[in-house]
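The values are calculated or read from the model by the stated rules, or taken from the named source; none is laboratory data. From a predicted model like this one, the values you see are computed outputs, not experimental measurements. All Cβ positions, even for glycine, are placed from backbone atoms using ideal geometry, and neighbour counts span all protein chains on display.
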Amino acid sequence: MEVILISITREGLQLFFVKRLLPPVVILAAIIVCLICIVSKKVVAGPGITVAQPKGLTTRYPQQTERAIFEEYIGGKMQFSENPIFTDMVKKGELPPVSQRLPVEPLVVMPYEKIGKYGGTLNGLSMSFEAGTAEVLSWRQANLVRFNDDIRTIVPNVAKSWRWSRDYKEITFTLRRGHRWSDGVPFTADDVVFYLNDIILNKDIYPITPDPWGLVGASCEKIDEVTVRFKFERPYPSLLAYLGGVGSFYDPFAPRHFLEKFHAKYNPDADKIAQENGFSNWAGYFRVYWDRWRDSIVSKASGVDVPTLESHMLQKAPTSTSRIFVANPYYFKVDTCGNQLPYINQHHEHFLEQKLWYDEIINGRIDQKSQNVPLSLYLLLLKNQQKGSYSIQLSPTGSGPAMIFNKTHKDPVLRAVYGDPRFNKAMSLAINREELNGTLFLGLCKPQQGLPQNVPFVSEADKLFMVEYAPERADTFLDDMGLKPGVDGIRLLPDGRPLTVHWDYTLQYVSSNEFPAMIAGYWRAVGVRVILKEESTVVIREKQADNALDITNAWFAPFEPTLYAAPRTFMPPYSTNVPIMGMPWLKWRDSHGEKGMEPPLWVKKLWEIGDEFVTLNPGSEWYNNLGGEMVRLNLDNLTIIGTLADVPLVTIVSDRLGNVPRWLVNTFFYGYTYPSRADQWYFK
């Protein structure tokens, strides 16, 4: 029997002739029938549209569209395909077919260059749990919205759409109908309401409501299963910038169906269950399975059980040396041929000391890495590109390391010294930034104070304030404070003790041990002894929370979207993902003076500015005026002592990876790889 097999694949239409005995007229008729099927919408495979080859497709948002719009463009219904790793599970009935796992309204994305291939393991590097893990987390992130790779445009993601009220005090999100958690349970508006009203605003879990929600008096209500509304006591037009930028690491939703059994509001036995598991109350046990910082949830074995919306989910209990994540069978995105993303099967995060990274990279064992790679390694990595089969991008990342002295120190003598602007100015003038730049940063950067990036209200004079190398002026400031040198040249505190700064640091924020060593040398030259101690990021954060550090450097200068969405990144407690300095002041404010420590007037003024700043639209005259005042107050007190600006981030990309763009900016404040869409990367 003569047969013609007609196959519609991700590459297009293909005809296979089992026997070529049919007359030409029959073959022609078969082709015509196939074309009629396509035109009449009976069977349609996506046409393989990519960013490089858009084939006439125009979209409202860059590089992506919605299913209904795409089906109108192709003239038919999309067919969906799945990763072969799920095929056997579907056959055994362990998973439903991909068409039933996807939302009714999946997000259709345009890969950069090509329709990818399934398979492979993406290998990355971090220092340890809670230390430099944000980049690997960004590979799998899934927030309501995200920044496009132009670092300007906010695009839909988990949320299908949004609508603001005229006064910017309400925003209504529409979710994707049929979207499911990684365990197959529907993701609905209940999960968003649960996050804000029952977790973030719960005083047992968070005695002080985390930013930005507490700053704007946020609450949340369910409209229907796929519609949820955030309400704010004051206008908050920058919410989307927060969610797409630094807030991309803090998803505003949580799996209520999984977590409610640990929550006292939903389970009257929650305290009893917590005590049976060694916790004093339900809130402590609840936090075993929950954290705003998503990566903390999967830093322990219990994270395997917690459902996620991310592209990959924790496969098994982490070890001290690695974590493995496997593709989420319910992930909500498809490419333009209907293939469910992600393409890559697994993420393998290796925990290694920074000094071992070089060998891993040059021997081709790492597929993508940038976070915390020292710039001093650039030339060596460049020399070994061919050996390691990788390319290097020098992606802009903003400012270099900065230092913040503890102005709320428990020791009243040190608190007075560190809180004196003259001391901070002296420490800034004592630093030889040009030498620092040439020695550790290959001369690629320029001296600058620690100030917000890419904002219109920072002047050149602001950037250069007290950045010259002037140890004589530093000596004058310290002399004026009455900090006279002792017999060994170390200055003495008012109570007669040697002025000694205990600097506990983590490599996550200084890049190399040489950086604090050079700074310590400059300060020793003006009579300030520095005792250095490298610690883990976890220990540093614990000491910050306990107000137990002399100095910290766990801070990066925010970019504009982060600053106007979360201004406390540039005012006490200078929070990025955790408070850094000034928590006793914040406790005073939040307790209306009953707890903590009353702050000086300049701190109170900064808070007043921050309260109003978040309500404004960028670019207005008053926005720029308030931003300029924020800069002036920080510089007058020089709370943040900056070092360098225009610091590039060494970004490694394996030659085996496809669909990886060039980073316009590579920084925590835009979610590292989040704008670059790691879910459509693939192995060639």
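Results, tabulated for the structure shown:
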item	result
Boolean, residue 559 is of a type in the set (Phe, Trp, Tyr), surrounded by 21 or more Cβ atoms within 10 Å (Cβ to Cβ) and touching a Phe, Trp or Tyr at 6+ places or on another chain (Cβ under 6 Å)	yes
Every residue from the stretch 478-497 that is of a type in the set (Val, Ile, Thr) and either surrounded by 12 or more Cβ atoms within 10 Å (Cβ to Cβ) or under 21 Å from residue 425 (Cβ atoms) (or both)	490
First in the stretch 525-548 and closer than 24 Å to residue 431 by Cβ and surrounded by 14 or more Cβ atoms within 10 Å (Cβ to Cβ), second anywhere and basic (Lys, Arg) and modelled with pLDDT of 90 or more, Cβ under 9 Å, 6 or more apart	526/491; 527/484; 527/491; 528/491; 529/491; 530/524; 535/543
Unique residue being modelled with pLDDT of 95 or more, on the phi > 0 side of the Ramachandran plot and surrounded by fewer than 18 Cβ atoms within 10 Å (Cβ to Cβ) when the list is 93, 56	93
Evaluation of residue 153 against (1) closer than 21 Å to residue 308 by Cβ; (2) surrounded by fewer than 18 Cβ atoms within 10 Å (Cβ to Cβ); (3) within 19 Å of the chain's Cα centre (by Cα) (one fails), failing number	(1)
Tally of residues being at pLDDT below 95, outside any helix (DSSP H, G or I) and not basic (Lys, Arg) across the stretch 32-53	7
Tally, over the stretch 524-544, of residues that are touching a helix residue (DSSP H, G or I) at 6+ places or on another chain (Cβ under 7 Å) and farther than 16 Å from residue 510 by Cα	3
Those residues of the stretch 620-634 which are of a type in the set (A, V, I, L, M) and more than 12 Å from residue 571 (Cα to Cα), in sequence order	626
Given (1) over 20 Å from residue 448 (Cα atoms); (2) in contact with a Gly (Cβ under 9 Å, 6 or more places away or on another chain); (3) hydrophobic (A, V, I, L, M, F, W, C), number of the condition residue 555 does not satisfy	(1)
Test for residue 299: is it buried (at least 24 other Cβ atoms within 10 Å of the Cβ) and in contact with a Pro (Cβ under 9 Å, 6 or more places away or on another chain)	no
